[in-house]
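**Student:** Let me give you the structure first, and then I'll get to my questions.
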Amino acid sequence: MLLFLMGSREGVDAVVCTHLHVDHVGWNTMLENGKWMPTFPKARYLIGRREYDFWSVCNDEVNRPGIRGGSNS
């Protein structure tokens, strides 16, 4: 987020997500003209393989960590 404060959103070319808890990645998108768009449109979003794999198969919203009723780990 520091890079964004120093320049334009279009100037950011990489965003590193260490983990995908909703309270940490909610800023990755923003509502523009009724559509959700990447906050940094030219950036490559980097996510660790283990984190990506975990969230790719976790489709039970009740049991997702950090989301409604799930553990807050």
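Since every read-out is calculated from the coordinates, none of them should be taken as a lab result. These numbers come from a predicted model, not from an experiment. For neighbour counting, all protein chains shown are included, and Cβ atoms are generated from backbone atoms with ideal geometry for every residue, glycine included.
**Student:** Net charge near Thr18, counting Lys/Arg +1 and Asp/Glu -1 over other residues with Cβ under 14 Å of its Cβ?
**Tutor:** With Lys, Arg at +1 and Asp, Glu at -1, the neighbours total 0.
**Student:** Modelled label-to-label distance, Arg44 and Cys17, 7 Å Cα→beta-carbon offset: nm?
**Tutor:** 1.7
**Student:** Could you work out how far apart the two model spin labels at Glu51 and Met30 are, taking each label as a point 7 Å from the Cα in the direction of the beta carbon, and quote it in nm?
**Tutor:** In this crude spin-label approximation the distance works out to 2.1 nm.
**Student:** If you add up the charges near Lys42, with Lys and Arg at +1 and Asp and Glu at -1, over every other residue whose beta carbon is less than 13 angstrom from its beta carbon, what do you get?
**Tutor:** That sum, taken over residues with Cβ under 13 Å, equals 0.
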